Amino acid sequence: MKFGCIADDFTGATDLAGLLRRSGASVKLHFGLPDHPSDGLSDIEIIALKCRTEPVAQAVSDCSEAALWLRAGGAELLYWKYCSTFDSTDQGNIGPVAEALMAITGQTQALYCPAFPENGRAVFMGHLFVGDQLLNESSMKDHPLTPMRDANLARVLSPQVSQSVGVWNRVSQRASGNLPPETHLIADAVEFSDLEFLIEHTPKHVLLTGGSALAMPLPSKLGIAFQNASQDPKPGPRAIVFSGSCSQMTQRQVAHYVTSHPSYQITPEALDADVIAACIDWLESLDRTETPLIYATASPESVKASQASLGVSEAGALVEHAMASIAQAAYQQGIRRFVVAGGETSGAVTQALGITEVMIGQEICPGVPWVYGGSHNDVIALALKSGNFGTPTFFSDALALLGSE
Ligand code: ADP
C-alpha cells in the first residue's frame, strides 16, 4: 500500500521525509506540484507546497490538486503535514485544507496532532507545549509570519473550520480508545507511544493530519517498511550556508557560525539590486575552500522594526528574493552543497535552483536529512532546516556529515 503526504512548507516536508526514510521505505519528495503524471509512485510520496501563509482559497486549491495527483497514482492513504508548532493564522490554512481533503477522500472526521516528542513538542489536554513552555509563551509568539499567541489548539482551529472541534485527550484515549463525536479532533500525545496509539486506534474514516512524528508509525502499519541500502550520491565539494530564519535556535546557530566563517549580513531595508550584486561579488572574492554564510537572521526587535517600515510580507519577500538570487549566483560559481535555515527561505532557495524532486539521504539531526536533487551527473545537496530545529552547531554538523568542514 502506498501513501501520500501533503506538506505546507518545504522544510516541514524534508523533516517528514527524513523521519519516514528511517523506516527503510523509499521516499520521494516533490517541491511543488509535479508537472508529470503520477505513474510509478514510490512507497511514500510527499508533495511539499509553500502554502502555510497563502490566501485560504489558494492553499485549498493547491492542496486539493496535490491530493488528486497522489490519489491518481494509487496513494490510498493521505496525510496532511503542518508544523509541530501548529503555525497558522486565524483564517487557516490547517483547518480549511483538512476540510478540502476530507471532501476528496470522503472521510468524515479529521485528527490533528502536531506533537513531536523527540523535539519537545507535546500536546496535553489539547494544549501545545514547546519543551516546558506553552506554545504562546515560547519564541513562537514572535514568529514573523505566524505568531502563535494561544496554546489551546481547539481554540486556534475553531475559527478556521466550518464543523465542530473537540479534543481527544490522553485520559479518554486510554479509557475507551473511541474517538469523540466532533468532526475535527485535536489529539493529545506526549510520548512516541502515544503517537503509535493514535495511528493504531484511528479508524479509516478519519483524515490523519499533524506534524511529522505522527506519520512515523504509518510505514510499519501499512507494511511498507523495509531495509533499503541505497548509497547517497556525491555532490561537488563547494558549500554555502543561507539563513533567513529569525527563530531563536537559528539565531544561536548564526552566532556560532559567524565566529569562524566568512559571513555577510543582509537587511530588508537595504536590499536593492546593487546590494545583491555586492554580496555576489563578495562571494566570488572568497577563497574556494571557505564555506560562507549569508544571513538576514535578526533579533525580534529588529524584525519588528523592519516589518513596521516595510510591511510584514514585503520584508519577508525582499529577503527571500535576495536569498534566491544569491543562491543562483552561488550555483553559477560552482557551489553544489547548500545549507538553508528557514522554512520560507528554503522554499525560495530550492525554487531558485530549479529543484523539483529529491531523494532522501542521511539525517543530520532529528527532522533534517540531507536531500539530493539536480541531475545524475550534476548532483545538488540541500540541508533544509526550519526555524527551531538543530543544535547551535547545526551548520557545521551538516557540512561535516558530507565532509565539508
Ligand atoms: P522559520 O523556519 O524560522 O520560520 P522562515 O524562513 O520560514 O523561517 O521565515 C522567516 C521569514 O522572515 C522569511 O519570510 C524571511 O524572509 C523573513 N525575514 C528574515 N530576516 C528578516 C528580517 N531581518 N526582518 C524581517 N523579516 C525577515
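Nothing in this text is a laboratory measurement; each read-out follows from the coordinates by a stated rule. Please read these numbers as outputs of a predicted model, since none were measured by experiment. Here the Cβ is made from the backbone with ideal geometry for all residues, glycine too, and neighbour counts use every protein chain on show.
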Within the stretch 179-254: Cβ-based charge dipole about Cα centre, in debye rounded to nearest 20 (Lys, Arg +1; Asp, Glu -1): 540
What residues have an amide H closer than 5 Å to that of residue 116, excluding those fewer than 5 places away on the same chain, when H is modeled at 1.01 Å from N in the peptide plane? 121, 122
Charges at C-beta only: +1 for Lys and Arg, -1 for Asp and Glu. How large is the resulting dipole of the stretch 21-85 about its Cα centre, in Debye rounded to 20? 340
The chain - charge dipole about Cα centre, Lys and Arg +1 at Cβ, Asp and Glu -1, debye rounded to 20: 740
Summed side-chain charge close to residue 133 - residues other than residue 133 whose Cβ falls under 14 Å, Lys, Arg +1, Asp, Glu -1: -1
Can you give the angle from 0 to 90° between the axis of helix 56-72 and the longest principal axis of the chain, with both taken from C-alpha atoms, to the nearest 10? 80
At a threshold of 8 angstrom on Cα-Cα distance, excluding pairs fewer than six apart, so keeping six or more, what relative contact order does the stretch 3-222 reach in percent? 24
Packing-based exposure ordering (other Cβ within 10 Å, fewest first) of 36, 256, 376: 376, 36, 256
Tell me the relative contact order for the chain as a rounded percent, counting alpha carbon contacts under 8 Å between residues six or more apart. 20
Alpha carbon centre of the stretch 325-369 versus the stretch 216-295: separation in Å? 7
Within a Cβ distance under 11 Å of residue 379, other residues only, what is the Lys/Arg minus Asp/Glu net charge? +1
Distance violations [Cα-Cα > 19 Å] among 81/304; 50/204; 50/234; 2/81: 81/304; 50/204; 50/234
Share, in percent, of DSSP beta bridges within the chain that are antiparallel, nearest 5: 30
I need the phi-derived Karplus couplings for the stretch 41-53: 6.51 cos²θ - 1.76 cosθ + 1.60, θ = phi - 60°, integer Hz, Gly and Pro marked x. 5, 5, 3, 10, 10, 10, 9, 8, 10, 10, 10, 4, 10
Using amide H atoms built 1.01 Å from N in the peptide plane, name the residues 5+ places from residue 405, or on other chains, whose amide H lies under 5 Å from its own. 400
Residue 262: net charge of surrounding residues, Cβ under 10 Å, Lys/Arg +1, Asp/Glu -1, itself excluded? -2
Under the Karplus relation with 6.51, -1.76 and 1.60 and θ = phi - 60°, whole-Hz ³J(HN,Hα) for the stretch 89-106, x at Gly and Pro, equal 10, 4, 7, x, 10, 5, x, x, 5, 4, 5, 5, 5, 4, 5, 6, 8, x
Backbone HN-Hα couplings from phi across the stretch 124-135 [Karplus 6.51/-1.76/1.60, Hz, Gly and Pro as x]: 9, 6, x, 9, 9, 10, 10, x, 9, 10, 5, 3
Antiparallel %, DSSP beta bridges [both residues in the stretch 3-222], to 5: 25
